[in-house]
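Trainee: I am attaching a structure below and will ask some questions about it afterwards.
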Amino acid sequence: MNVFGVDIGGSGIKGAPVDLGRGALAEERHKVLTPQPATPQDVAGRVAEVVGHFGWTGPIGVTFPGVVTGSTVRTAANVDPSWVGTDAGALIGEAVGGLPVTVLNDADAAGVAEMTFGAGRGRTGTVILLTLGTGIGSAVFTDGRLVPNTELGHLELKGHDAEKRASSKAREDEELTWEHWATKRLRKYLAHVEMLFSPELFILGGGVSRKADKFLPYLDGIRAEIVPAELRNDAGIVGAAMAARAAATR
Ligand code: BGC
């Protein structure tokens, strides 16, 4: 069965029909730029453009980089603040001509995809996926079940919002070496999360998962196993489609 998945990110909005049997994109994804400012109306329009590119007419799953309860956005740390309180499902649903739309947090979507088709396959106990990008997103699982909207990127680290210190963007903006970022930022952050949750496994996703060899060697002293995410850039799209299917069959 194919279901459509869309990933809304700070710089790009990308989507494709997903083959849910394989957990892979059924067609090459289409990407458009995220409008600046990324207001609800403009973003919904771009999502419709991505969906329209494929002439898609079935259920659609959409990720959002903030807390989403039901289909309403509750936080918007790295996108336009006017999203807060917006019923994203209704707004995007209208923009795509009334197709059923399911919205969920971006890290939760990536986590769901990794647990089924990627690095978390078959893993029990507590598993935490962290996406290290512009911000830090988290998805917490216990025996494969998601606790949604955990927001571990906003834990406090040395008096700062953790994502401002340990995200991939922090490494780039502050021009930190991989070693400095990994030992002084990421490792301390993981140690803090481990102190709170004692997971069996950390899955590290986001763009940097492709460069895991540059920082994994520095993450000693963490008890949990640490592995890079496997689905790379497609995890959000695949997870969004999985959520839309779950909603359609509920
Ligand atoms: C947001 C999370 C999101 C993460 C990654 C954080 O700033 O609060 O909801 O998952 O960024 O986009």
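Bear in mind these aren't lab numbers, they're just calculated from the coordinates by the rules spelled out. What you are looking at is a predicted structure, and each value in this text was computed from that prediction instead of being measured. Note that we place each Cβ from the backbone using ideal geometry, even for glycine, and neighbour counts take in every protein chain shown.
Trainee: Looking at the chain as a GNM with Cα springs under 10 Å, which of Ala224, Ala110, Ala235 has the largest mean-square fluctuation?
Mentor: Top of the fluctuation ranking is Ala224.
Trainee: Further, regarding this structure: Can you list residues from other chains, or at least 5 along the same chain, whose modelled amide H is less than 5 Å from the amide H of Ile226?
Mentor: For Ile226, the qualifying residues are Phe202.
Trainee: I would also like to ask the following. Kindly provide the helix-only [θ] at 222 nm of the chain, computed as the sum of -39,500 (n - 2.57) over DSSP H runs of four or more divided by all residues, to the nearest 500 deg cm²/dmol?
Mentor: Calculated mean residue ellipticity at 222 nm is -8000 deg cm²/dmol.
Trainee: Where nothing but the Cβ of Lys and Arg (+1) and of Asp and Glu (-1) is charged, how large is the charge dipole of segment 57-157 around its Cα centre, in debye to the nearest 20?
Mentor: In total the dipole reaches around 280 debye.
Trainee: Right, next: Using 0.36 nm per residue of separation minus the Cα-Cα distance, give me the extension gain between Arg232 and His53 in nm, one decimal.
Mentor: 62.2 nm
Trainee: Using the alpha carbon gyration tensor of the chain, what are the three equivalent-ellipsoid semi-axes (square root of 5 times each eigenvalue), largest first, in whole Å?
Mentor: 29, 20, 16
Trainee: Give the long-range amide H neighbours of Asn105: residues separated by 5 or more places, or on another chain, with amide H under 5 Å away, using H modelled in the peptide plane at 1.01 Å from N.
Mentor: Close amide H contacts, sequence-distant or interchain: Phe64, Val68.
Trainee: Full-extension gain between Leu176 and Tyr218, please, as 0.36 nm times their residue separation minus the C-alpha to C-alpha distance.
Mentor: The Leu176-Tyr218 span can extend by a further 13.7 nm.
Trainee: Sticking with this structure for a sec: When 1/r is averaged over all different Cα pairs and the result inverted, which Kirkwood radius in Å belongs to segment 151-239?
Mentor: 13.5 Å
Trainee: Local charge sum around Gly118 (other residues, Cβ-Cβ under 11 Å, Lys/Arg +1, Asp/Glu -1)?
Mentor: Here the charged neighbours net out to 0.
Trainee: Go through segment 63-71 residue by residue and turn each phi into a ³J(HN,Hα) via Karplus (6.51, -1.76, 1.60, θ = phi - 60°); whole Hz please, and just put x for glycine and proline.
Mentor: Listing the rounded values in order: 8, 9, x, x, 5, 10, 10, x, 10 Hz.
Trainee: Taking 0.36 nm per residue of separation and subtracting the Cα-Cα distance, what length does fully extending Ala248 through Met195 add?
Mentor: 15.3 nm
Trainee: Can you list the aspartates and glutamates whose alpha carbon sits under 14 Å from that of Lys188, skipping same-chain ones fewer than 8 residues off?
Mentor: Reachable aspartates and glutamates: Glu156, Asp161, Glu163, Glu179, Asp220.
Trainee: I've got another one for you. How big is segment 51-148 by Rg and Dmax over its Cα atoms, in Å?
Mentor: Every Cα atom of segment 51-148 included, Rg and Dmax give 14.6, 41 Å.
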